[in-house]
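J.: What follows is a single structure, and I will ask about it in a moment.
The values are calculated or read from the model by the stated rules, or taken from the named source; none is laboratory data. Everything numeric here is computed off the predicted structure, so don't read it as measured data. A quick note on method: Cβ atoms are made from the backbone with ideal geometry, for glycine too, and the neighbour counts reach across all protein chains shown.
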Amino acid sequence: MSVLSFPASPVRVLGGSAGSLVLQRWRRQIAGRSGPAERRGPRPFALVGCRARATQSERLVPLERLSFVALFDERDDDDRLITRLVGVRAGVVGDKLIIGGRNNTLFDKDIRSAPCSGNGRRLDPRDAELCELALGWEQHLERVNRHPHYPRRNMLRWPAWWCEVAAASADVPTRFYGARTLVPLETALTRSFPFGRVFADVAGLPKRQVLAGADMQRLLCGTSGSLTFDLFQTRFRRAT
């Protein structure tokens, strides 16, 4: 889940030629095999990764500059195959680090619907970087589905989380980031330490984690210590 770096603001290409190229690729890659895909049904895999906004190539990324992305298939309420690209943010609430869920949703797109300009569930062909991410990941998911021996996991791997404190006692692991003193976020939450900014250590995480399983909600929701994550339910999706 290594970080994909993007500018502070989304790169929006307004020229018609760029939008046309996106539509051409979508027709070849998605619309061109919609019939076989519908008959095959949801692929039993999900891709998960994270993106960094306006950060240098460093292993420690401030939490407010991170977002997390998941791509997976499911059936909608009309039993139609959709491929969801979900983007979420993270934040600390009380004694929990919460990733995703309804309150932290950034977007929830259906890649199988034809791109069109504007907001909503469809990709905007003018948003070059998001379209490239969506179609590139969908292509990778198809490759994983076709190769049964492709490496995959059944549990998500997360970054190591650190937070800034004024001072740390001798029994607490510490690291230094410039003039900042950092301790593990889990320790700070467990011991109720006051802390400032939170950082994610993304060194060594894969660009895209491949998760295997037919139950996407089980794969993409859960807890791990003080971490709660939900990359399935969003404010754009009806509760089940």
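J.: Kindly provide the set of residues from region 170-208 that are assigned to a strand (DSSP E or B) and not polar (S, T, N, Q), ordered by number.
T.: Hits for region 170-208 are 175, 176, 177, 180, 182, 183, 184, 198, 199, 200, 201.
J.: For the subset of region 1-43 comprising residues that are among the charged types (D, E, K, R) and buried (at least 16 other Cβ atoms within 10 Å of the Cβ), which member is modelled with the lowest pLDDT?
T.: If we take residues in region 1-43 being among the charged types (D, E, K, R) and buried (at least 16 other Cβ atoms within 10 Å of the Cβ), then 25 is modelled with the lowest pLDDT.
J.: Which of the following residues is among the hydrophobic types (A, V, I, L, M, F, W, C) and more than 16 Å from residue 70 (Cα to Cα): 106, 135, 182?
T.: Of the residues listed, the single one that is among the hydrophobic types (A, V, I, L, M, F, W, C) and more than 16 Å from residue 70 (Cα to Cα) is 182.
J.: Need pairs with beta-carbon distance below 6 Å; first residue within 20 Å of residue 182 (Cβ to Cβ) and within region 145-162, second in a loop (DSSP other than H, G, I, E, B); sequence gap 6+ or separate chains.
T.: From region 145-162, the pairs are 159/202.
J.: Kindly list the number of the only condition in (1) aliphatic (A, V, I, L, M); (2) touching a helix residue (DSSP H, G or I) at 6+ places or on another chain (Cβ under 6 Å); (3) at pLDDT below 90 that fails for residue 46.
T.: Among (1) aliphatic (A, V, I, L, M); (2) touching a helix residue (DSSP H, G or I) at 6+ places or on another chain (Cβ under 6 Å); (3) at pLDDT below 90, residue 46 violates only (3).
J.: Checking residue 169 against (1) under 20 Å from residue 73 (Cβ atoms); (2) surrounded by fewer than 13 Cβ atoms within 10 Å (Cβ to Cβ); (3) more than 15 Å from the chain's Cα centre (by Cα), only one condition comes out false. Which one?
T.: (1)
J.: Which of the residues that make up region 224-240 are modelled with pLDDT under 95 and either among the small types (Gly, Ala, Ser) or assigned to a strand (DSSP E or B) (or both)?
T.: 224, 225, 226, 239
J.: Still on this structure, please answer the following. Give the residue, chosen from 211, 219, that is in the same structural domain as residue 85 (by TED's automatic domain parsing), within 21 Å of residue 71 (Cβ to Cβ) and in contact with a Gly (Cβ under 8 Å, 6 or more places away or on another chain).
T.: After applying the criteria, what remains is 219.
J.: Go through region 118-135 and count every residue that is surrounded by 15 or more Cβ atoms within 10 Å (Cβ to Cβ) and either part of a helix (DSSP H, G or I) or of a type outside the set (Lys, Arg) (or both).
T.: 11
J.: Follow-up question, since we're still on this one. Cβ-Cβ distance below 6 Å, separation of 6 or more or different chains: which pairs start in region 131-142 with a residue that is in the same structural domain as residue 111 (by TED's automatic domain parsing) and end on one that is part of a helix (DSSP H, G or I) and of a type in the set (Val, Ile, Thr)?
T.: Filtered contacts from region 131-142: 131/22.
J.: Next up: Given 217, 209, which one is closer than 26 Å to residue 85 by Cβ and touching a residue at least 24 places away in the same chain (Cβ under 8 Å)?
T.: Sole residue among the options that is closer than 26 Å to residue 85 by Cβ and touching a residue at least 24 places away in the same chain (Cβ under 8 Å): 209.
J.: Could you please let me know if residue 83 is under 24 Å from residue 23 (Cα atoms), polar (S, T, N, Q) and surrounded by 13 or more Cβ atoms within 10 Å (Cβ to Cβ)?
T.: So residue 83 passes the test.
J.: So, of the residues in region 142-154 that are at pLDDT below 90 and in a loop (DSSP other than H, G, I, E, B), which turns out to be surrounded by the fewest Cβ atoms within 10 Å (Cβ to Cβ)?
T.: 149
J.: Within region 102-117, can you find the residues that are surrounded by fewer than 20 Cβ atoms within 10 Å (Cβ to Cβ) and over 21 Å from residue 80 (Cβ atoms)?
T.: 102, 103, 105, 106, 117
J.: Of these, 88, 61, which one is closer than 13 Å to residue 229 by Cα and assigned by TED's automatic domain parsing to the domain that holds residue 34?
T.: Matching residue, one of 88, 61: 88.
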